[in-house]
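To start, the structure under review is shown below, and the notes come after it.
The values are calculated or read from the model by the stated rules, or taken from the named source; none is laboratory data. Computed from a predicted structure; not experimentally measured. Please note: Cβ atoms are built from the backbone with ideal geometry, for glycine as well, and neighbour counts cover all protein chains shown.
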Amino acid sequence: MDFEPIGRRMPGEIGDTILAIAQRAGIVLNATCGGEGVCMRCIVRVMDGPVTGHNSSEENELGEERIRHGWRLACQVGPLGDVLVHIPPESLATAQRTQTEGQSLPIELAPAVQAKALEVPAPRLDDLRSDAARLRDGLGIPALAIPLPVLRTLSNDLRALDYKISAFVREATLVGVRPYGTTALGLAIDLGTTKLAAYLVDLANGETLASAGAMNPQIAFGEDVMARIGHTISVPEGGEQLRAVIVGALNDLARSLCTQTNRSTDDISDTVVVGNTAMHHLFLGLPVRQLGLAPYVPAESAALDTRAQEAGFEMASGANLHLLPNIAGFIGADHVAMLLGSGMLEQEGVILGMDIGTNTEISLIAHGDHYACSTASGPAFEGAHIQHGMRAAPGAIEKVLLRDGVIKLQTIDNLPPVGLCGSGILDLVAQLLREGIITSRGAFIPEKAPGRVRLGTHGHEFVVVSGEENTGIEIAFSRTDVNEIQFAKGAMRAGIQILLRRAGVSENEIDKVIIAGAFGTYLDVQSGIDIGMFPRIGKEKYIQVGNAAGSGARMALLSTKIRQQAVRAAQKVTYVELTTEPLFSSLLAKSLLLG
């Protein structure tokens, strides 16, 4: 049983319900009726695989239409084979950890939208100007453009507000009309493959009023972008499915942020979205087939501006949507935003930057030259393909310390352990290597940990937590799991080596290493150095900056000058396609060694 977007896998048996399997996996579903099928709190969606038929309880509570689209009550349905289940956020009693925090860099405010408070003269028999004309005269902008969606409500809005308004103006275009004194809001979005982060910002003073994160609902259609691209190709209207679910999730986030701050989504007058190239295309409804085939060419790389309403956003009717430029097929606007938000572009010397997520984008700026590449490393560090791996949710082991046969664990929210998330996996491999329990090639040495290393279904494995220690939930780490980490860290390190060779510099010449991204926030840098994932240079040279892509999106929201800087930065990058590099295979083979 594969539970998404948790990233947790748990074997089940014929006769089990999905609720029972989830409970064994440590996934806390809402089930206030105790599994009787009447509370409607444990709703899940069966995405793939055979399950038992629906019963009268589900028919009464869900209806045939929802059942036909895969929606079921977890307490009433059981697996008949390998099953992929999507759990919506409202069915979870506990939320996954999402990353919104990032450093804030000082910038000069220059937002695209200004709020102008004014009183428009009401029409009289001796003043028969149109409502649009009197607004243009009041603003002193004779050529003010008023988009049709704004014009449709303008007359009613002016009268409802007694002609005392805040006019939201972008350049010489009217975005919307709001009550007198209302400030314009902006929405910055980091559209990640796995996670979403959104920030509601007051454009008048640059203050971030609220922020929130959520899981990307597209995970239900595939964990990585290649699987989602495949979905658009193999399923009629598959692209529209993916676009609709992400737009719906972003609208939900916007409404939630506005509710928190007692504002209206109609106050949102400008928005900036960043994401990798595939997420960018899926969000806009652009074709993605060509992104999945060599030479992986985007439909569009330039920065884009369009009406937010056209993309499906529910905000001011004339609100603008800005997307930062992409760099290449596998390096998108989120990496450009990371460069802005991390301050990399202002650094001197040799600066290495890594945004570690489902994919890892790597940038190297060396004495003015800028090289970048992308490696497929993130899935293993998000728990994918790891026997007892999971994403960063309550109960996930996030820290591991192993000394003289004694293991100490830290879990998210200090709950009983239910699996290993990325930072815990990295720690565990580093500790096993340090204690000599695994070799540099990833092989286990059983005599180094008697009682902890045993033969399992995937060869030797290390028992992190036994069932006796953990109320029946056993967590082990196998040789196959070690191999997954070797390939992930090897790809990352080989990518770094290729960029260093392109720039003509050595690892010892690196002045600073900037680590960004959700996984990059929580990992232990020393563990990364110890297993050979990061260059073996002084730990003091490493800086963890949190969600720098989110920070960069906010900066672009607050300054049109930053948007111009983003365009210039993207144009200066030399993209390196690793699959065409003659030395990549040999460097990858060497980088598979741990340590």
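Things to note:
- Selected residue (criterion: farthest from V545 (Cα to Cα)) from residues of segment 514-530 that are surrounded by fewer than 23 Cβ atoms within 10 Å (Cβ to Cβ) and not polar (S, T, N, Q): D530
- Listed by first and then second residue, the pairs with beta-carbon distance under 8 Å, at least 6 apart or on different chains, first residue in segment 547-568 and more than 23 Å from G368 (Cβ to Cβ), second among the acidic types (D, E) and crowded, with 23+ Cβ neighbours inside 10 Å, are N547/D190; A549/D190; A549/D334; A549/D355; G550/D190; A553/D190; L557/D270.
Yes/no matrix, rows are residues, columns are (1) surrounded by fewer than 20 Cβ atoms within 10 Å (Cβ to Cβ); (2) out of contact with any helix residue (DSSP H, G or I) (no Cβ under 9 Å at 6 or more places or on another chain):
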{"position": "F3", "(1), (2)": "no, no"}
{"position": "R8", "(1), (2)": "no, no"}
{"position": "E13", "(1), (2)": "yes, no"}
{"position": "I21", "(1), (2)": "no, yes"}
{"position": "N30", "(1), (2)": "yes, no"}
{"position": "M47", "(1), (2)": "yes, no"}
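A quick yes/no check of all residues on (1) modelled with pLDDT of 95 or more; (2) of a type in the set (G, A, S); (3) in the same structural domain as N359 (by TED's automatic domain parsing):
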residue	(1), (2), (3)
V225	no, no, no
S234	no, yes, no
L253	yes, no, no
Q260	yes, no, no
S269	yes, yes, no
A308	yes, yes, no
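Residue-by-condition table, conditions (1) in contact with a helix residue (DSSP H, G or I) (Cβ under 9 Å, 6 or more places away or on another chain); (2) at positive phi; (3) not hydrophobic (A, V, I, L, M, F, W, C):
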| position | (1), (2), (3) |
| --- | --- |
| T480 | no, no, yes |
| G495 | yes, no, yes |
| L500 | yes, no, no |
| E507 | yes, no, yes |
| K541 | no, no, yes |
| N547 | yes, no, yes |
| Q571 | no, no, yes |
| T580 | no, no, yes |
| L594 | yes, no, no |
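- Meets criteria (free of Cβ contacts under 8 Å to residues at least 40 places away in the same chain, within 30 Å of A443 (Cβ to Cβ) and not acidic (D, E)) for R536: yes
- From the options K541, K572, residue that is touching a residue at least 24 places away in the same chain (Cβ under 8 Å), surrounded by fewer than 21 Cβ atoms within 10 Å (Cβ to Cβ), within 13 Å of L339 (Cα to Cα) and not aromatic (F, W, Y): K572
- A count restricted to segment 369-378 and to residues that are surrounded by fewer than 23 Cβ atoms within 10 Å (Cβ to Cβ) and over 12 Å from T574 (Cβ atoms) stands at 1.
- Residue match in segment 47-63 (condition: at pLDDT below 90, over 27 Å from the mean Cα position of the chain (by Cα), assigned to a loop (DSSP other than H, G, I, E, B) and polar (S, T, N, Q)): yes
- Index of the failed condition, M279 passing every other in (1) modelled with pLDDT under 95; (2) within 16 Å of V336 (Cα to Cα): (1)
- Going through (1) under 30 Å from A204 (Cα atoms); (2) among the hydrophobic types (A, V, I, L, M, F, W, C); (3) not assigned by TED's automatic domain parsing to the domain that holds R228 one by one, L284 falls short only on (3).
- Of the residues examined, V545 is one that is farther than 27 Å from L433 by Cα, at pLDDT below 95 and not polar (S, T, N, Q).
- Residue selected from segment 539-595 under the condition β-branched (V, I, T) and assigned to a helix (DSSP H, G or I), by the criterion farthest from L200 (Cα to Cα): T580
- Positions within segment 183-208 being of a type in the set (V, I, T) and surrounded by fewer than 21 Cβ atoms within 10 Å (Cβ to Cβ), in sequence order: T183, T208
Conditions tested, residue by residue: (1) closer than 12 Å to L200 by Cα; (2) crowded, with 21+ Cβ neighbours inside 10 Å.
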{"site": "T232", "(1), (2)": "no, yes"}
{"site": "G239", "(1), (2)": "no, yes"}
{"site": "A244", "(1), (2)": "no, no"}
{"site": "A249", "(1), (2)": "no, no"}
{"site": "S264", "(1), (2)": "yes, no"}
{"site": "G275", "(1), (2)": "no, yes"}
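- In the condition set (1) under 16 Å from I496 (Cα atoms); (2) surrounded by fewer than 23 Cβ atoms within 10 Å (Cβ to Cβ); (3) among the β-branched types (V, I, T), V297 is compliant with all but (1).
- Every pair of residues 6+ apart whose Cβ atoms lie under 6 Å, when the first sits in segment 352-378 and is touching a residue at least 12 places away in the same chain (Cβ under 8 Å) while the second is aromatic (F, W, Y): I356/F519; L364/Y371; A372/Y575; S374/F330
- Across segment 143-177, the number of residues qualifying as of a type in the set (K, R) and surrounded by 17 or more Cβ atoms within 10 Å (Cβ to Cβ) comes to 1.
- Those residues of segment 301-347 which are more than 22 Å from the chain's Cα centre (by Cα), touching a residue at least 12 places away in the same chain (Cβ under 8 Å) and closer than 22 Å to E361 by Cβ, in sequence order: L345, Q347
Table: residues versus (1) without any contact (Cβ under 8 Å) to a residue 12 or more places away in the chain; (2) part of a helix (DSSP H, G or I); (3) among the β-branched types (V, I, T).
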{"position": "G206", "(1), (2), (3)": "no, no, no"}
{"position": "A210", "(1), (2), (3)": "no, no, no"}
{"position": "G213", "(1), (2), (3)": "no, no, no"}
{"position": "I219", "(1), (2), (3)": "no, yes, yes"}
{"position": "E240", "(1), (2), (3)": "no, yes, no"}
{"position": "V247", "(1), (2), (3)": "no, yes, yes"}
{"position": "D270", "(1), (2), (3)": "no, no, no"}
{"position": "V274", "(1), (2), (3)": "no, no, yes"}
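- Among (1) under 18 Å from S586 (Cα atoms); (2) at pLDDT below 95, the one test that Q497 misses: (2)
- Note on segment 383-428: among residues that are surrounded by 21 or more Cβ atoms within 10 Å (Cβ to Cβ), charged (D, E, K, R) and under 21 Å from I529 (Cβ atoms), the one that is modelled with the highest pLDDT is D427.
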